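The block underneath contains the structure these notes are about, expressed in C-alpha cells.
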C-alpha cells in the first residue's frame, strides 16, 4: 500500500490477522516498527497523521517464572553428563548471568585467585560489573580450565569443544533439558531466562541486601530488583528497626502491666456508664 493510503482500520486489521498467526510479543514488536516508519513519514510531511498511533495492541500474557528450589538445583547439577554443561549450569544459578554475558565471558574476565567474575560485555552500562563467586564455583571453573583445550586469556570460558567458537544456546539447552528429566524436575524451565530469575531470587532469599542483589544482577534501578525481592518473600526487619532508632523510639512499653490494667478498667467503667439507662 501507498503510505498515504494507510488508515487506522488497516493497521487494526493487520494486528488482528497477525495475532492469529504469531505471539502477542512478536506482533507488538512489528507494530512498533510500523509506528516508527509512519512517524518518520509524518515528520517528512509524506503523510498528515500516523495511523498506527493509538492502535490497540494484543496483550502479552504474563509468563510465570519457574524458580528452581535449592534442592532441585542440587539434583540437576548432579544429573549432567557433560562436564562443561554442568559448569555452565552452576555459573548461571550462582551468578545470574544473562545468556549473552555467559557466551561473551573470556578467561581474562575470571580471577580464580580473587574469586571474582567480571562482566565486561553486557547490553547496558549497568550490566558491566564484578561478581564475587563462591569457592565451589571457583574450583569448578579451575577444573574446567584444566580440562578445556581453550584456556588462553583471550579465549572463551565456554565454547565449542573442538573449535573454540561461541557456545551455542541450542547445544546447552539439549544438555539442560536432559538433566532436568534425569533429576525428575517437572514443569517447563526456560534454560537461560528462568535460571537468571532463579539465581537472583535465591540470592535475595539468602539474605543479600537489596543493593547487593541489584548490583550483582546488573539492573539499572531498584524497581526491577523489587520483583525478585517480592518473589523471595523478603521483608526488611533490620531496616524497620533502624527507622525506629532514627526516630528515637524506645522498645520499652510506655506503661507497666498494672497501669495498663487500671486504664483498661477505667475505660470499661466509662463505657458502661454511657450505655446505662437513665
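The values are calculated or read from the model by the stated rules, or taken from the named source; none is laboratory data. Since the structure is predicted, the reported quantities are computational estimates derived from the model, not experimental observations. We place every Cβ from the backbone using ideal geometry, glycine too, and count neighbours over all the protein chains shown.
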Total residues in the range 110-125, condition loosely packed, with under 15 Cβ neighbours inside 10 Å and either under 15 Å from residue 220 (Cα atoms) or not assigned by TED's automatic domain parsing to the domain that holds residue 214 (or both)
3
Can you name the residue in the range 102-131 that is touching a helix residue (DSSP H, G or I) at 6+ places or on another chain (Cβ under 8 Å) and free of Cβ contacts under 8 Å to residues at least 40 places away in the same chain and, of all such residues, is farthest from residue 83 (Cα to Cα)?
123
Options 107, 142: the member that is modelled with pLDDT of 95 or more, exposed (fewer than 14 other Cβ atoms within 10 Å of the Cβ) and more than 17 Å from the chain's Cα centre (by Cα):
142
